[in-house]
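The structure appears right after this line, and notes come after that.
The values are calculated or read from the model by the stated rules, or taken from the named source; none is laboratory data. Please read these numbers as outputs of a predicted model, since none were measured by experiment. Virtual Cβ from ideal backbone geometry, glycine too; neighbours counted across all protein chains shown.
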Amino acid sequence: MSKKETKMKKRMIIAAIAAVLVLSVGFVSAKEIEFTLIGTAAVPQSSLFSPEVMNMTAPMVAAPVPAPALPVNIVRPQGFGSFGGERLEKGFFTASLVVMTALNVADYISTRQALKYPGLSEGNPLMKPFTKNAVLFAAVKGGITVLSVWGMKSLFKRDKTTAWVMTTISNFLLSYVVANNMRLVSRMRPR
């Protein structure tokens with residue numbers, strides 16, 4: 001295994017770990033977290049274990065004594081309450097959109113690099129007609145990226161969980177495409 005292949009495998013592992021981290025953050029919504037505080041109260045002494053009953057020698061059957069109810073307080077902070085969860089979650093989502101944009105730029109660059117070698121061509125049939133002209137390809141790729149980011153932001157306002165899932169899947173697939181492009185380029189380079 002060459003150094004380039006080893007580096008490529010390391011990069012793919014790092015991309016997979018990053019995708020898993022983004023995915024794990026995406027499934028924890030700020031509104032799903034609950035804190036439960038159980039209050040403590042003094043339990044009244046039961047007559048079942050009073051000194052008089054404990055000293056009796058005859059077997060005795062006692063009616064069950066219900067346990068005293070303890071006060072339960074449920075605290076549900078909105079968006080992590082004082083932790084600033086709404087801003088934190090929005091910040092993480094914005095970071096995932098920045099990653100999506102960076103991966104699209106890396107896809108454009110790695111695709112242009114791969115197309116320099118004979119025998120390699122664009123694998124996406126929808127993008128294939130645009131790859132012959134670098135400016136047109138950049139414009140189409142940039143437009144798709146802008147529309148994707150805008151769409152994800154709009155979706156995030158309506159349904160955060162779905163937006164997280166879609167962004168994570170998109171980032172994972174783009175990571176795979178970029179890694180595959182880099183692998184093909186490294187194979188085609190003269191040694």
The residue that is farthest from the chain's Cα centre (by Cα), considering only those in segment 180-191 that are assigned to a helix (DSSP H, G or I) and of a type outside the set (D, E, K, R), is 188
Considering segment 141-183, residues that are closer than 17 Å to residue 91 by Cα and of a type in the set (Val, Ile, Thr), and then whichever is surrounded by the fewest Cβ atoms within 10 Å (Cβ to Cβ), we arrive at 162
Only one of 111, 168, 162 is among the hydroxyl-bearing types (Ser, Thr, Tyr), out of contact with any strand residue (DSSP E or B) (no Cβ under 7 Å at 6 or more places or on another chain) and without any contact (Cβ under 8 Å) to a residue 12 or more places away in the chain, namely 162
Exercise for review: Return a yes/no flag: does segment 133-140 have any residue that is surrounded by fewer than 12 Cβ atoms within 10 Å (Cβ to Cβ), of a type in the set (Val, Ile, Thr) and either assigned to a helix (DSSP H, G or I) or touching a strand residue (DSSP E or B) at 6+ places or on another chain (Cβ under 9 Å) (or both).
Suggested key: yes
The condition of being at pLDDT below 95 and farther than 24 Å from residue 85 by Cβ holds, among 165, 135, only for 135
Only one of 146, 177 is assigned to a helix (DSSP H, G or I) and free of Cβ contacts under 8 Å to residues at least 40 places away in the same chain, namely 146
